[in-house]
1. What residues from segment 8-24 fall in the zone where the backbone N is under 19 Å from a label point 7 Å along the Cα-to-C-beta line of Phe52?
2. Stretch Met28-Ser74 to full length: gain in nm at 0.36 nm per residue minus the Cα-Cα span?
3. Among Asn36, Phe53, Met2, whose Cα projects farthest towards the positive end of the dipole of segment 1-70, with charges put on the beta-carbon of Lys, Arg (+1) and Asp, Glu (-1)?
4. ³J(HN,Hα) across segment 26-35 via Karplus (A = 6.51, B = -1.76, C = 1.60, θ = phi - 60°), whole Hz, x for Gly/Pro?
5. At a 10 angstrom cut-off on C-beta neighbours, averaged per residue, how do the peptides 60-71, 16-27 rank from highest to lowest?
6. Which value, to two decimals, describes the C-alpha radius of gyration of the chain once divided by 2.2 N^0.38 Å?
7. Treating only the Cβ atoms of Lys and Arg (+1) and Asp and Glu (-1) as charged, compute the dipole magnitude of the chain about its Cα centre; round to the nearest 20 debye.
Amino acid sequence: MMREKAKERCAEKVEAFNHCCKESGFFMVFKCREENAALKECLTVHYKDPVFFEECKQEYIKEKLDFERTGIPSKNRKQKLPASM
């Protein structure tokens, strides 16, 4: 959960890294070092942030309690119902 949320917060760096990788092909290991370093730095800042950690922890606990109550995983609960119902 933290990884996905951190990726959302670092969307610009993720996009820059992905773009570099697509353009570089096999040589991405060498050509995208700067983009990779920037992405890692951005993600690490969020991983070490205690406020961000607590936010993710509370969301996880809420999802876990909802699952225990309903028996339906959060991924399935978030799906829209068909319009024909």
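What follows is calculated from the coordinates using simple rules that are stated; it is not laboratory data. A quick note: this is a predicted structure, and the numbers were derived from the prediction, not measured. Backbone-built Cβ (ideal geometry, glycine too); neighbour counts: all protein chains shown.
1. From segment 8-24, the list is 8-18.
2. 13.0 nm
3. It is Asn36.
4. 5, 7, 4, 4, 8, 7, 10, 4, 5, 5
5. Details: 60-71: 11.0, 16-27: 12.9.
Ranking, from highest mean packing down: 16-27, 60-71.
6. Details: Rg = 18.0 Å, N = 85, 2.2 N^0.38 = 11.9 Å.
Against the compact-globule rule of thumb, the ratio is 1.51.
7. Details: 18 positive and 15 negative charges, 65 e Å.
It works out to roughly 320 debye.
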